[in-house]
Amino acid sequence: MNTSIIKIILKEKLKVLFLALCSIFVCLSELAVPAFISIFVDDIITPHESSSFIIYLIAFVGLSIFAIIANYVQNVYSAAICGQAINNLLLYVINHIKKVPCKFFYKYEPSMLARRIDDDVVDIVMFVLGNMAIFFSAILNAAGVIVLVYRISYIWVVILFLLICLYILYFSYIGKRLKAIYKEYRISTNYYFSKISEFVINIKSIKSHSAELYFLRKIESSLSKYYIANIKRAKVSFFLSNNRSILNSLFYMSLFSVGTYQVFYSIITVGQFVSLIGYFNIIITSVSFFINLEDYYQNASVASNRLTEILEEKADCKGSLSVSKISTVEIVNLNKSFEGRSIISNFNYKFSAGNTYCIEGPNGTGKSTILSILIGLEKPDAGDILFNSISFKTLNFDEIRKNHIAVCEQTPFITEDSLYKNLFFDEHLEKIIVKDKYGVLPKSNNIENKKIIPEQLSGGERQRISLLRAILKDASLILLDEPTSALDKDGVKLFLNVVNELSKDKIIIIVSHDKNIISNCSHVIHL
């Protein structure tokens, strides 16, 4: 299992140690209850004063309360530390994948990848921490039961050993089948979830194209696989869960035959006879845990391998240099291909501040790809991009994107939040208003509180917000991909006025087929 993942999970060493101590207290309380019952039963069989009974009753109630509190503290603390570890590991994975190239995400269906990461993180954390308290308790309980049962009668150690061997053999046979079936069940569950997610995310487009029946059939097909896998799992789980019932029956048969004989001939006391039931349940619970531990490990190991596969994905190479303002951008011998097909070949161009550039051409000629390369989301196969004569390979693109580049996407990204948060995610309203040199903000006093629901916005509304976001960033390089495709005439007119004003000291690069934009730009690049 990946050691870096384990280190993150065990980050809070003192909390982990406290969890182990809690498990010891739980173990002692569990072992003490049958032992106390044995003494109590033997004592009440013979006549005693009522005060003696009250003392035993108070002691038993106290012991029971202690056991409940110990279990409660262990469970709550375990949930808290596991929850914190899950958060830490998830943030670690998310912080890593935000650094990897965008092409990494092309390999996965988004919702399925998110579900997979969440499942894997939970499986690993629960194996390491969730099982830790049980592991300590199981060892101590098993050792404690053997010692206590041996003190009652060695015959019961032999009986328990034979019953446990029988239990392990039966479990091994059923467990192997369950493991294969559970894997099939999990895959079908993830697949079913991804199809539901695909339907919900694209519901507007699905309705637009009257494709409901096609997607419903995909969901039904995934549901059918999930249903079959779930039935298989339920069948094998039934026999597995009844394994313990069968074992209980064999134990009680032994107890009522051998135990009755021993009580009758005073080999063991009545109290010891009763306590054997408690000891049996404790040791079977411990043995069950150890039998399942291999499956828990295999499950966690698979999860760890899948998570490691993501964490080993190389991050974007990040330089350390920065610039105060982007004055020139030069593309030198740029080459880019996708899946063996050349999109851009030996492309050269220089952009300078104070100009607007329009890139136009047929679909598939690499217009949007050039913008993605300029913002650092895609890497060229060959060639260089020079910002103020500095190679992009030596620049800190996180800082460049944050402070010097503004983007308006062809499909604008809008999040469910207030309008001003959508305009600039990490700045206060007052700072945004100061940057509004061109008076483009809505003249509404409710901009800070107005909640935006992305699904309720029209294409034009989305595009206006995206344009506002790019304008208000006051960046020195502005990249606009089909910025007026959803705007009306008034919107296009306003956009052109703002672009003309912005272009005095900035580099503006627009990808567009709009003749109004092409004629308004100082330079046109034909691809």
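Every number in this text was worked out from the coordinates using simple rules, so none of it is lab data. Please read all numbers here as calculations on a predicted model, not as lab measurements. Here Cβ is always computed from backbone atoms with ideal geometry, including for glycine, and neighbour counts include all displayed protein chains.
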statement: Sorted by chain and then number, the residues having a modelled amide H within less than 5 Å of the amide H of V524, at least 5 places away or on another chain, are C358
statement: Counting Lys and Arg as +1 and Asp and Glu as -1 over every other residue whose Cβ sits under 14 Å from the Cβ of V145, the net charge comes to 0
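Take every Cα pair under 8 Å in the chain that's 6+ residues apart, average their separations, divide by the length, and report that relative contact order as a whole percent. Mind dumping the intermediate values first?
Numbers: 620 pairs, mean separation 87.1, N = 527.
Once divided by the residue count of the chain, the mean separation gives 17 percent.
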query: In the neighborhood of S224, defined by Cβ-to-Cβ distances under 14 Å, what is the net charge if each Lys or Arg adds +1 and each Asp or Glu adds -1?
result: +3
query: Placing +1 at every Lys and Arg Cβ and -1 at every Asp and Glu Cβ, with all other atoms neutral, what dipole size does the chain have around its Cα centre, in debye to the nearest 20?
result: 900
field: Signed unit charges on C-beta, dipole axis of the chain, positive-most listed residue S485, A80, S466
entry: S485
task: Name the residue farthest towards the positive end of the dipole of the chain from the options N292, L423, L19, assuming +1 on Cβ of Lys and Arg, -1 on Cβ of Asp and Glu, about the Cα centre.
output: L423
task: Rounded to the nearest 0.05, what FRET efficiency do T3 and N202 give with R0 = 41 Å and r taken as the Cβ-Cβ distance? Could you check?
output: 0.50
task: Give me the distance in nm between label points sitting 7 Å out from Cα along the Cα-to-Cβ direction at L494 and L377, one decimal.
output: 2.5
Three-way shape label, segment 187-321, alpha-carbon gyration tensor, a/c 1.5: oblate
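If you filter segment 48-128 for trypsin sites (Lys or Arg not before Pro), then keep DSSP loop positions with at most 15 other Cβ within 10 Å, what is left?
When the trypsin sites (Lys or Arg not before Pro) of segment 48-128 are filtered for loop state and at most 15 Cβ neighbours within 10 Å, K98, K99 remain.
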- request: Work out from phi, with θ = phi - 60° and the Karplus expression 6.51 cos²θ - 1.76 cosθ + 1.60, the ³J(HN,Hα) of each residue of segment 394-401, listed in order in whole Hz, and give x for Gly and Pro.
  value: 9, 8, 7, 6, 4, 6, 4, 5
- request: Report, in whole Å, the centroid distance computed from the Cα atoms of segment 56-125 and segment 346-394.
  value: 44
- prompt: What order do you get for E455, E378, E212 when you list them from fewest to most C-beta neighbours inside 10 Å?
  reply: E455, E212, E378
- line: The residues F264, F40, sorted from fewest to most surrounding Cβ atoms within 10 Å, come out as F264, F40
- request: Enumerate the calculated ³J(HN,Hα) couplings along segment 471-477 in order (Karplus 6.51 cos²θ - 1.76 cosθ + 1.60, θ = phi - 60°), each rounded to whole Hz, writing x wherever the residue is Gly or Pro.
  value: 5, 6, 5, 6, 7, 8, 10
query: How many lysine pairs in segment 96-209, separated by 8 or more positions in sequence or lying on different chains, have Cα atoms less than 18 Å apart?
result: 5
- prompt: For I246 and V302 in the same chain, what is the full-extension length gain: residue separation times 0.36 nm, less their Cα-Cα distance, in nm?
  reply: 17.0 nm
- request: Within the set of other residues whose C-beta is less than 14 Å from the C-beta of G271, count the net charge using Lys and Arg as +1 and Asp and Glu as -1.
  value: -1
- prompt: Can you sort M132, M253 so the residue with the fewest Cβ neighbours within 10 Å comes first?
  reply: M253, M132
Helix-only CD estimate at 222 nm, as mean residue ellipticity for the chain, using -39500 (n - 2.57) per DSSP H run (n ≥ 4): -21500 deg cm²/dmol
- prompt: From the phi of every residue in segment 274-290, what ³J(HN,Hα) in whole Hz does the Karplus formula 6.51 cos²θ - 1.76 cosθ + 1.60 yield, where θ is phi - 60° and glycine or proline is x?
  reply: 5, 5, 4, 4, x, 5, 4, 4, 5, 6, 5, 4, 5, 5, 4, 4, 5
query: Which entry in (1) 25.5; (2) 24.0; (3) 29.4 is this structure's computed Kirkwood radius over Cα pairs in Å?
result: (3)
